[in-house]
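For reference, the structure discussed in these notes is given below.
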Amino acid sequence: MAPTFHEGELDREDVQALLSLHFAAMRSHSPPDACHVLPAAALRQPSITFFSGRGAGELLGIGALKELDPFNGEIKSMRTAPTALGQGVGRLLLGRIVEEARRRGYRHLSLETGSGPEFTAALRLYEGAGFRPCAPFGGYLDTPFTRVLSLDL
């Protein structure tokens with residue numbers, strides 16, 4: 001069964017738990033000068049639309065779309081629930097975010113992530129969806145750890 005996607009849900013306990021897991025993992029696997037993970041409270045910005053994916057009521061994954069300007073968006077806080085790894089949730093959630101970016105008329109969708117073994121699956125997901133390396137944007141620095149990708153819409 002394909003997940004259903006919901007906007008908001010930041011106050012749900014399971015969402016908060018997955019965001020806490022994501023925040024802790026990003027902080028532990030990223031150098032301090034290259035860690036840009038947002039705490040849960042920062043995802044409440046008006047420029048950010050937060051998505052959750054559920055199957056049979058169970059939280060399967062989360063992700064967010066940040067509007068950088070009327071033509072450009074950024075993916076933030078993508079994470080699949082540990083119980084749903086390997087089931088294609090990330091691909092479906094990414095598809096939902098890309099669909100929303102296109103609906104808004106964005107020309108580009110970008111993201112910043114890390115490198116190393118902990119980021120291999122994410123990089124494979126993004127590259128498989130057509131994201132390509134690009135120059136840093138939005139104040140991100142070009143570090144040996146940082147990977148910046150963009151998709152032309």
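Just so it is clear, none of the values below were taken in a lab; they were calculated from the coordinates. Remember, predicted model here, so these are calculated numbers, not experimental data. Cβ coordinates were reconstructed from backbone atoms using ideal geometry, including for glycine residues, and neighbour counts include every protein chain displayed.
General remarks:
- √(5λ) per eigenvalue of the Cα gyration tensor, the stretch 4-152, largest first, Å: 21, 18, 15
- The chain, relative contact order in percent, only Cα pairs under 8 angstrom and at least six apart counted: 20
- Charged side chains reduced to their Cβ positions (Lys and Arg at +1, Asp and Glu at -1) give the stretch 4-152 a dipole of some 260 debye around its Cα centre.
- Under the Karplus curve 6.51 cos²θ - 1.76 cosθ + 1.60, θ = phi - 60°, whole-Hz ³J(HN,Hα) for the stretch 83-88, x wherever Gly or Pro sits: 6, 10, 4, x, 10, x
- Applying 0.36 nm per residue to the separation of Ala2 and Asp142 and subtracting their alpha-carbon distance, the gain on full extension is 46.7 nm.
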